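Below: the structure, in structure tokens.
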Amino acid sequence: MSEAKDERRPAGELEASVLAALWAAGGPQTVGQVRKSLGTGLARTTVTTILTRLHDKGMVERSREGRGFAYAPLQDAQGITARRMHTELDRDSDRETVLARFVAQLSPDDERVLRDLLEADGA
């Protein structure tokens, strides 16, 4: 095997690249359009697989376009990050400890933002 094939991408890198391409496009994109905008020489089947996985995870929607689909993100980057944070929180049965440790590790600026958001939400 070639050295390039032996190197694995970090988990989620392809999904992140595909989402970035969809966000940059500003509208629904076909597999071919996403593949072209990535400019990485990925196989069409690889891009199709990533888009299908994103659809299965509820991160993109798809609509029929010709014989295939056009895909569009359901959330912006910040929404995706928030969703990931919820997923991680849901993996642990001791939510209180997880949240306490998360808050304890916040920078003073982030802690202030969080307090402001909680106060505004409770008003």
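The values are calculated or read from the model by the stated rules, or taken from the named source; none is laboratory data. Nothing here was measured: the structure is a model prediction, and the numbers come from that model. Backbone-built Cβ (ideal geometry, glycine too); neighbour counts: all protein chains shown.
Odds and ends about this structure:
- Matching entry among GLU15, GLU96, GLU88 (being in contact (Cβ under 8 Å) with a residue 24 or more places away in the chain, part of a helix (DSSP H, G or I) and either within 17 Å of the chain's Cα centre (by Cα) or exposed (fewer than 10 other Cβ atoms within 10 Å of the Cβ) (or both)): GLU15
- Filter result for the condition that a residue is touching a Leu at 6+ places or on another chain (Cβ under 7 Å) and either modelled with pLDDT of 90 or more or in a helix (DSSP H, G or I) (or both), over ALA21, ALA82, ALA70: ALA21
- Residue check: SER63 meets all listed conditions (1) surrounded by fewer than 10 Cβ atoms within 10 Å (Cβ to Cβ); (2) assigned to a helix (DSSP H, G or I); (3) touching a residue at least 12 places away in the same chain (Cβ under 8 Å) but one, namely (2).
- As a summary of the residue check, THR45 satisfies the conditions (1) farther than 23 Å from SER17 by Cβ; (2) more than 18 Å from the chain's Cα centre (by Cα) except for the one numbered (1).
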